[in-house]
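Step one of this worksheet: look at the structure below.
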Amino acid sequence: MCPVTVAYAPGKVILVGEHAVVYGRPAVALPVNQVRAEATVVNAKEGQGIIIEAADLGQTFVLGRGGPSGSLHALQVTVAGVLQYLSLSLEQDLTVTVRSTIPIARGLGSGAAVSTALTRAVAQHFSRELTPAEVSRLVYEVERIYHGTPSGIDNTVIAYERPVYFVHGDKPETLAVGRPLTLLVADTGLASLTREAVDAVRQAWRRSRERYEELFDRAGSIAIEVRRAIETGDVGQVGRMMDENHGLLQAMGVSSPRLDSLVAAARYQGALGAKLSGAGRGGNVIALVSSQTRDRVERALISEGARRVIQTEILPSQGRTPAVTPSLGPAKPCCAMT
């Protein structure tokens, strides 16, 4: 067992296809490496049990030596799930610390990133390396408990750390990138609660199934077109499809005046495309920019009220990787940094 292990995971944005992806349509998501979660696992004195410290929140959780019981926090569920998956006893003496620079409830996958970093760190601490597919599956179970009926896209793109074309129930496909994509991610400062937004869309879908199925179909078609445009390097088409997708999200009822004003400001200053990203109602706007428009679009977003703007770039080197067969990885040296 390694005395100290540290692991990381990035944030994410959904480029196109949010909400429709819950109903079986494809979506495209991208990692955001400029923000990340970090998990550290340290051996503790005998008899301590497992203590999990959420450093940013100033909270501490204990995973009893008798195992999980009662109502548990996501951090406790994650640690218990990894140990059980690795066929390891919960009778461990560990201090686990998690930190994150990913804003909470902003559509950047903060919860999935923390769970991913934690899953990796615990496995590596016991000299076990999990595949991205295994990590994604374990994190999805935590997401499912705390977010109702998540699509699975957050845990997938964060675990693979690649641009992902995702259809719920299918093996995820990482994408080749024909030309660099530069995105500005503008934080509205408003929380975006996935469960509430997904539930609201589901209720609307039940009332108007035919209309919403048409919206979902078009969103799925956009995702297919965006995949093609990313792989061929047609950045302009990516932007045009982002604009259209935002209109669909407005029609689904998940946009807001704050989101729409940021989208309009970005477009006015020359963004190739702009839309809300994630569950909506709050969270983030993403704007696709060129080197010529990047600075003025960023200034416009801040002037329009964005609390923070993150720049992220997806490079051709982050292209397609072979599909990974879910299987338990071989033992490897611990203390790995990933």
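For the stretch 1-56, filtering for residues that are within 30 Å of GLU225 (Cβ to Cβ) and aromatic (Phe, Trp, Tyr) leaves 1. Pairing each residue of the stretch 6-21 that is among the hydroxyl-bearing types (Ser, Thr, Tyr) with any residue that is surrounded by fewer than 24 Cβ atoms within 10 Å (Cβ to Cβ), provided the two are 6+ apart or on different chains, yields C-beta distances under 9 Å for TYR8/ARG36; TYR8/GLU38; TYR8/MET337; TYR8/THR338. Note on the stretch 1-70: enclosed strands (runs of 3 or more DSSP E) holding 3 or more residues that are under 26 Å from GLY169 (Cα atoms), at pLDDT 95 or above and under 19 Å from the mean Cα position of the chain (by Cα) are 4-16, 27-43.
Taken together, GLY247, GLY282 contain a single residue that is modelled with pLDDT under 95 and on the phi < 0 side of the Ramachandran plot, which is GLY282. Checking the conditions here, which among THR321, THR338 is more than 25 Å from VAL21 (Cα to Cα), surrounded by fewer than 17 Cβ atoms within 10 Å (Cβ to Cβ) and modelled with pLDDT under 95? That would be THR338, the only listed residue that is more than 25 Å from VAL21 (Cα to Cα), surrounded by fewer than 17 Cβ atoms within 10 Å (Cβ to Cβ) and modelled with pLDDT under 95.
If you go through the stretch 76-84 one residue at a time, do you hit one that is surrounded by fewer than 17 Cβ atoms within 10 Å (Cβ to Cβ), over 23 Å from ASP154 (Cβ atoms), among the polar types (S, T, N, Q) and not assigned by TED's automatic domain parsing to the domain that holds SER277? Within the stretch 76-84, none of the residues are surrounded by fewer than 17 Cβ atoms within 10 Å (Cβ to Cβ), over 23 Å from ASP154 (Cβ atoms), among the polar types (S, T, N, Q) and not assigned by TED's automatic domain parsing to the domain that holds SER277. The residues listed here are PHE126, PHE166; of these, the one that is of a type in the set (Phe, Trp, Tyr), buried (at least 22 other Cβ atoms within 10 Å of the Cβ) and in contact (Cβ under 8 Å) with a residue 12 or more places away in the chain is PHE166. Taking each residue of the stretch 63-78 that is closer than 20 Å to ALA39 by Cα and hydrophobic (A, V, I, L, M, F, W, C) and looking for partners that are modelled with pLDDT under 90 and part of a helix (DSSP H, G or I) with beta-carbon atoms closer than 6 Å, six or more apart or interchain, yields ALA74/TYR146.
Scanning the stretch 240-258 turns up at least one residue that is in contact with a helix residue (DSSP H, G or I) (Cβ under 6 Å, 6 or more places away or on another chain), crowded, with 21+ Cβ neighbours inside 10 Å and in a loop (DSSP other than H, G, I, E, B). Among all residues of the stretch 201-221, there is at least one that is polar (S, T, N, Q) and in a helix (DSSP H, G or I). Of the residues making up the stretch 93-110, those that are outside any loop (DSSP other than H, G, I, E, B) and either free of Cβ contacts under 8 Å to residues at least 40 places away in the same chain or of a type in the set (Ser, Thr, Tyr) (or both) number 4. When the stretch 297-318 is filtered for residues that are assigned to a helix (DSSP H, G or I) and over 13 Å from VAL177 (Cβ atoms), the ones remaining, listed by number, are VAL297, GLU298, ARG299, ALA300, LEU301, ILE302, SER303. Would you check if there is a residue in the stretch 175-195 being closer than 26 Å to LEU301 by Cα, of a type in the set (Ser, Thr, Tyr) and outside any loop (DSSP other than H, G, I, E, B)? Yes, the stretch 175-195 has at least one match.
Pairing each residue of the stretch 44-57 that is of a type outside the set (A, V, I, L, M, F, W, C) with any residue that is in a loop (DSSP other than H, G, I, E, B), provided the two are 6+ apart or on different chains, yields C-beta distances under 6 Å for GLU46/ASP93; GLN48/ASP93; GLY49/ARG65. With respect to ARG162, is the statement that it is assigned by TED's automatic domain parsing to the domain that holds LEU272 and among the charged types (D, E, K, R) true? No; evaluated as a whole, the condition is false for this residue. Within the stretch 105-123, restricting attention to residues that are farther than 20 Å from VAL28 by Cα and of a type in the set (Ser, Thr, Tyr), the residue that is surrounded by the fewest Cβ atoms within 10 Å (Cβ to Cβ) is THR119.
The values are calculated or read from the model by the stated rules, or taken from the named source; none is laboratory data. Since this is a predicted model, take the numbers as computed values, not measurements. Reconstructed Cβ throughout: ideal geometry from the backbone, glycine too, with neighbour counts over all protein chains shown.
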